[in-house]
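Structure first, commentary second.
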């Protein structure tokens, strides 16, 4: 193959799925726009397109995903449909729209490194059925987390591949998958319990000539990324991934839109260990936006902190009127508050895909080249286009309800320690961006 297109339904998921390829040395970019403005789509090994379909209707999400593939497909380019490992969003409708265009859907959302496994076509989280988790109960009351049922409801015929089939050898596995494709089934649900299971699936399917595409989380993507000789050698020069980090004197803004318990613990550790200033913006003000009497004062408060070159933890508060469906609205308003001060930043850490997308969109950043992974699910990158006054801006994204308790602190520490390490190594002021 010559390249891979990842289609994801939110920004943090796109980065999380694609970062394994960057870590393996492949030029990897995340784009917020389709078509990808400012991006030479043939110069990247991996393009991760955020279609921003998590909260759309199933039909709207399906149409947008299909359009992304039709716009960005190239000869030799393979498709990876990134889905949430806990099956959030409109993933089944999106897969159903892509299947007639791309062939058999190899559906394997397991991510053993994060405790997500698949048995009998059902997701387990640290050994507990997904249906028993609070997250699933909140979004999908009285609904089974069964992939076959969800795909069938979207109009696809399915087949099942038990985990034992992944352990019978490459030739046997390839024959089984080819038989499913020949049978006319449209989606093959693949159980997996270990990283080795996913590695075997990656090794076999990347070598098959059958029309197929992958449907998975960051788990299967990482195994594909680690394969040797994954892409054909191309003349396009690779960018220097270890380019000079951000200006160490410019402040870091930690923007937290997620209200999950995971994010709360991460913020607590960040406050304790980094000792940074913290502001929690009332959601009532964000709902009204610039019409709110306190808007100008809040914008000024944020600017006053950043003007001192101090790092800032900026969060969306919660009140009795909170509705999870208003996440995009609140994130967009929060980004508008920050926008006048964005030029002062040397680093942005954004938790929650909606939050990250809102902030980048507000300041005109349409794409990010990924550099490396700080910890699983926490990706660091730089804008595709050099920004005036911010040539070394670094951007870290992380899904809201994801990561270890120290994830935000690890990202903050990375942004502060990397400039010092680069200076010690004598990198000077040269940057490939």
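Can you tell me which condition residue 268 does not meet? The list is (1) assigned to a helix (DSSP H, G or I); (2) touching a strand residue (DSSP E or B) at 6+ places or on another chain (Cβ under 6 Å), and all the others hold.
Checking residue 268 against (1) assigned to a helix (DSSP H, G or I); (2) touching a strand residue (DSSP E or B) at 6+ places or on another chain (Cβ under 6 Å), the one that fails is (2).
Are any residues in the range 275-285 buried (at least 17 other Cβ atoms within 10 Å of the Cβ) and either without any contact (Cβ under 8 Å) to a residue 24 or more places away in the chain or part of a helix (DSSP H, G or I) (or both), and if so, which ones?
283, 285
If residue 114 satisfies all but one of (1) under 25 Å from residue 196 (Cβ atoms); (2) modelled with pLDDT of 95 or more, what's the number of the condition it fails?
Of the numbered conditions (1) under 25 Å from residue 196 (Cβ atoms); (2) modelled with pLDDT of 95 or more, the odd one out for residue 114 is (2).
Would you say residue 362 is outside the structural domain of residue 24 (by TED's automatic domain parsing), modelled with pLDDT of 95 or more, touching a helix residue (DSSP H, G or I) at 6+ places or on another chain (Cβ under 8 Å) and buried (at least 17 other Cβ atoms within 10 Å of the Cβ)? Don't jump to the end; show me each part of the working.
Working: outside the structural domain of residue 24 (by TED's automatic domain parsing): yes; modelled with pLDDT of 95 or more: yes; touching a helix residue (DSSP H, G or I) at 6+ places or on another chain (Cβ under 8 Å): yes; buried (at least 17 other Cβ atoms within 10 Å of the Cβ): yes.
Here the answer is yes, as residue 362 does meet what is asked.
Scan the range 340-351 residue by residue and report those that are surrounded by 15 or more Cβ atoms within 10 Å (Cβ to Cβ), touching a helix residue (DSSP H, G or I) at 6+ places or on another chain (Cβ under 7 Å) and under 23 Å from residue 291 (Cβ atoms).
Within the range 340-351, just 341 meets the criteria.
Out of 87, 56, 101, 118, report the one residue that is under 23 Å from residue 185 (Cβ atoms) and without any contact (Cβ under 8 Å) to a residue 60 or more places away in the chain.
Details: 87 fails: without any contact (Cβ under 8 Å) to a residue 60 or more places away in the chain; 56 fails: under 23 Å from residue 185 (Cβ atoms); 118 fails: without any contact (Cβ under 8 Å) to a residue 60 or more places away in the chain.
Exactly one of 87, 56, 101, 118 is under 23 Å from residue 185 (Cβ atoms) and without any contact (Cβ under 8 Å) to a residue 60 or more places away in the chain, namely 101.
Can you tell me which residue among 144, 185, 159, 181 is in a helix (DSSP H, G or I) and in the same structural domain as residue 99 (by TED's automatic domain parsing)? Steps first, please.
Details: 144 fails: in a helix (DSSP H, G or I); 185 fails: in a helix (DSSP H, G or I); 159 fails: in a helix (DSSP H, G or I).
Within the list 144, 185, 159, 181, the selection yields 181.
So that you can scan it fast, the table gives a plain yes or no per residue for (1) at pLDDT 95 or above; (2) crowded, with 22+ Cβ neighbours inside 10 Å:
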| position | (1), (2) |
| --- | --- |
| 20 | no, yes |
| 25 | no, no |
| 32 | no, no |
| 35 | no, no |
| 38 | no, no |
| 41 | no, no |
| 44 | no, yes |
| 55 | no, no |
| 59 | yes, no |
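More than 17 Å from the chain's Cα centre (by Cα) and either over 25 Å from residue 131 (Cα atoms) or outside the structural domain of residue 367 (by TED's automatic domain parsing) (or both) - does that describe any residue in the range 6-21?
No, there is no match, as no residue in the range 6-21 is more than 17 Å from the chain's Cα centre (by Cα) and either over 25 Å from residue 131 (Cα atoms) or outside the structural domain of residue 367 (by TED's automatic domain parsing) (or both).
With the structure loaded, tell me whether residue 101 is more than 19 Å from the chain's Cα centre (by Cα) and part of a strand (DSSP E or B) or whether it fails that test.
Values: more than 19 Å from the chain's Cα centre (by Cα): yes; part of a strand (DSSP E or B): no.
Judged against the criteria, residue 101 is not a match.
Filter the range 118-134 for residues that are buried (at least 16 other Cβ atoms within 10 Å of the Cβ) and over 24 Å from residue 181 (Cα atoms); which is modelled with the lowest pLDDT? Before the answer, list the steps.
First, the residues of the range 118-134 that are buried (at least 16 other Cβ atoms within 10 Å of the Cβ): 118, 121-125, 130-131, 133.
Now drop any that are not over 24 Å from residue 181 (Cα atoms), which leaves 124-125, 130-131, 133.
Values: 124: 95, 125: 93, 130: 94, 131: 93, 133: 88.
Checking each candidate, the answer is 133.
Just to verify a result, which residue in the range 71-94, among those that are assigned to a helix (DSSP H, G or I) and out of contact with any helix residue (DSSP H, G or I) (no Cβ under 7 Å at 6 or more places or on another chain), is nearest to residue 56 (Cα to Cα)? Break it down stepwise before answering.
Taking the range 71-94 as the starting set, the residues that turn out to be assigned to a helix (DSSP H, G or I) are 71-72, 91-94.
Retained after the next criterion (residues that are out of contact with any helix residue (DSSP H, G or I) (no Cβ under 7 Å at 6 or more places or on another chain)): 71-72, 91.
On the way: 71: 20, 72: 21, 91: 11 Å.
Applying the filter and picking the extreme gives 91.
Out of everything in the range 286-302 that is closer than 21 Å to residue 254 by Cβ and either free of Cβ contacts under 8 Å to residues at least 40 places away in the same chain or out of contact with any helix residue (DSSP H, G or I) (no Cβ under 7 Å at 6 or more places or on another chain) (or both), what residue ends up being surrounded by the most Cβ atoms within 10 Å (Cβ to Cβ)? Give the derivation first.
Initially, the range 286-302 is screened for residues closer than 21 Å to residue 254 by Cβ, giving 286, 298-302.
Keeping just the survivors that are either free of Cβ contacts under 8 Å to residues at least 40 places away in the same chain or out of contact with any helix residue (DSSP H, G or I) (no Cβ under 7 Å at 6 or more places or on another chain) (or both) gives 298, 300-302.
Numbers: 298: 17, 300: 12, 301: 17, 302: 20.
The extreme case among them is 302.
Looking at the range 326-339, can you tell me whether even one residue there is over 23 Å from the mean Cα position of the chain (by Cα) and either free of Cβ contacts under 8 Å to residues at least 60 places away in the same chain or assigned by TED's automatic domain parsing to the domain that holds residue 28 (or both)? Reasoning before the result, please.
Filtering the range 326-339 for residues over 23 Å from the mean Cα position of the chain (by Cα) gives 337.
From the residues that got through so far, the ones that are either free of Cβ contacts under 8 Å to residues at least 60 places away in the same chain or assigned by TED's automatic domain parsing to the domain that holds residue 28 (or both) too are 337.
Within the range 326-339, one or more residues are over 23 Å from the mean Cα position of the chain (by Cα) and either free of Cβ contacts under 8 Å to residues at least 60 places away in the same chain or assigned by TED's automatic domain parsing to the domain that holds residue 28 (or both).
The values are calculated or read from the model by the stated rules, or taken from the named source; none is laboratory data. Quick caveat, the model's predicted, so the values are computed rather than measured. Don't worry about glycine lacking a Cβ; one is built from the backbone with ideal geometry, like all the others, and counts go over all protein chains shown.
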